[in-house]
1. Check whether at least one residue in the range 146-162 is touching a residue at least 24 places away in the same chain (Cβ under 8 Å) and outside any helix (DSSP H, G or I), and report yes or no.
2. Being in a helix (DSSP H, G or I), surrounded by 18 or more Cβ atoms within 10 Å (Cβ to Cβ) and in contact with an Asp or Glu (Cβ under 9 Å, 6 or more places away or on another chain), is that true of even one residue in the range 186-198?
3. Here are the criteria: (1) over 17 Å from the mean Cα position of the chain (by Cα); (2) outside any helix (DSSP H, G or I); (3) in contact (Cβ under 8 Å) with a residue 60 or more places away in the chain. Tell me which single one residue 16 does not satisfy.
4. Among the residues of the range 230-253, are any under 25 Å from the mean Cα position of the chain (by Cα) and either among the β-branched types (Val, Ile, Thr) or assigned to a helix (DSSP H, G or I) (or both)?
5. Please go through (1) in contact with a Gly (Cβ under 9 Å, 6 or more places away or on another chain); (2) surrounded by fewer than 17 Cβ atoms within 10 Å (Cβ to Cβ); (3) under 24 Å from residue 94 (Cβ atoms) for residue 322 and return the number of the only condition it doesn't satisfy.
6. Yes or no: the range 368-375 includes at least one residue that is of a type in the set (Ser, Thr, Tyr), over 20 Å from residue 15 (Cβ atoms) and free of Cβ contacts under 8 Å to residues at least 40 places away in the same chain.
7. Being within 16 Å of residue 183 (Cα to Cα), at pLDDT 95 or above and not hydroxyl-bearing (Ser, Thr, Tyr) is true for just one of 226, 236, 254. Which residue is that?
Amino acid sequence: MKNFNPIRGTYDYLPKEARLREYVRATILNSYQENGYNLIDTPILESLDFLNSSEGGDNLRLMFKTIKRGEKLDLSKENLTESDIAEEGLRYDLTVPLARMYSNNREKLPTPFRTIQIGSAFRAERPQKGRNRQFTQCDIDVFGDSSINAELELIKTCFDTLARLGFENLTLKINDREILNQLVRFSGFSDGEINTVCVTLDKIEKIYMTGVMMELIEKGFDTEKINKLVDIVNDIVENGLQASGKYGVKVENISRLNYLIDTLNRLTGNRYSIKYDISIVRGQGYYTGTVYEIYTDGFSGAIGGGGRYDKMVEKFSGISCPAVGICLGFEPICMLLKDRQSSLDIRKNLVLLYDSDDDIIEVFNLKDELKKEYNVALYSRPKNIKNFYSKIGEVADLLTSVKEQKENKPFKQL
């Protein structure tokens, strides 16, 4: 029998779930726009030369690539390389295409430039709870503002957005790549080794420090340097951010991070848990400063995250431009809200049944009246009403009929 299932790691969304996803998307978009960010869009396809130069960490290994077409593809050549076969890739996040777009259009845009992107990205990950191969990201970014106020507003906007969606118990974990780089450098690693070490450190919560040590050894790093780094990390985990000052971290970096945490607590009225966490790395090599992730009850991974990437535009265009952003994870948010869908403020879908002897003008007039409060679908009463009832709940919340409305009978909840 033919298999009609979607490709592993991708999903079909039937009406009820699709409606929830659209509600979440609209709520996020409205919140972002109310805070002054501007909606833009970029293609899902980018050149491999561009993507491969983006310092995307392990995401480059998970990137989907497209095969050349027509005369460009010559499979008869000997010793084929990737560049002989592929020339484009699907975007693995929205940040890299955004920086490319800004580099291409910056002369038309104001400074600072505040953007929204909501769209699909693709990674060849092992599918698991809340992690798909095709997934939606909801990003806001600011170009041209190096001040800490940009981070403050991005993070507060995401807190406010999640509150609209009903999330209460939120935790923000913050680190700074400059601090982390100084700690790695103090441990004896060279500047050229820092990004590779950070990619491994990003896995602390998954493989623990023992796993980090083993992976760094497998990558060929000196055991003495690894042990020194592990001792430093353990000390900071136990004694907090201030302990990093013993290991070459600049006072201004510590002060900046403390100020960010303190100000966020005051901005949010200490409503959320906001804390320094050395395990927050964000594995992409393009991050240059503050990095952060948002967590909530019921899901082990982050439901949002981002940071500063002040060097990306300069790398692409040669022109210096600070940049910072944050992304809400659409898939885990929808997954967490799925069980609460009926309690969300989603406009209800109503099915209105009519019989063959009903006046069709009256039917449409009644539908127009009901549309003031509901989304209304007309159905002629089916012969097999039992089978109809068993299936209509996927697309509707309520059911009524022309006759029942004339008799002022309540709607049937599906």
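The values are calculated or read from the model by the stated rules, or taken from the named source; none is laboratory data. Nothing here was measured: the structure is a model prediction, and the numbers come from that model. No Cβ is skipped: glycine too gets one built from the backbone with ideal geometry, and neighbour counts run over all protein chains shown.
1. First pass over the range 146-162, keeping only residues touching a residue at least 24 places away in the same chain (Cβ under 8 Å): 146, 148, 150-162.
Of the ones still in play, those that are also outside any helix (DSSP H, G or I) are 146.
Yes, some residue in the range 146-162 is touching a residue at least 24 places away in the same chain (Cβ under 8 Å) and outside any helix (DSSP H, G or I).
2. yes
3. Unmet for residue 16, out of (1) over 17 Å from the mean Cα position of the chain (by Cα); (2) outside any helix (DSSP H, G or I); (3) in contact (Cβ under 8 Å) with a residue 60 or more places away in the chain: (2).
4. No; the residues of the range 230-253 include none that is under 25 Å from the mean Cα position of the chain (by Cα) and either among the β-branched types (Val, Ile, Thr) or assigned to a helix (DSSP H, G or I) (or both).
5. All conditions are met except number (2).
6. Filtering the range 368-375 down to residues of a type in the set (Ser, Thr, Tyr) leaves 374.
Still in the running and over 20 Å from residue 15 (Cβ atoms): none.
No: zero hits.
7. Numbers: 226 fails: at pLDDT 95 or above; 236 fails: at pLDDT 95 or above.
When all the criteria are applied, what remains is 254.
To keep it simple, each residue is scored yes or no on (1) over 30 Å from residue 296 (Cβ atoms); (2) touching a helix residue (DSSP H, G or I) at 6+ places or on another chain (Cβ under 8 Å); (3) at pLDDT below 95; (4) β-branched (Val, Ile, Thr).
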site: 330; (1), (2), (3), (4): no, yes, no, no
site: 333; (1), (2), (3), (4): no, yes, no, yes
site: 364; (1), (2), (3), (4): yes, no, no, no
site: 384; (1), (2), (3), (4): yes, no, yes, no
site: 402; (1), (2), (3), (4): yes, yes, no, yes
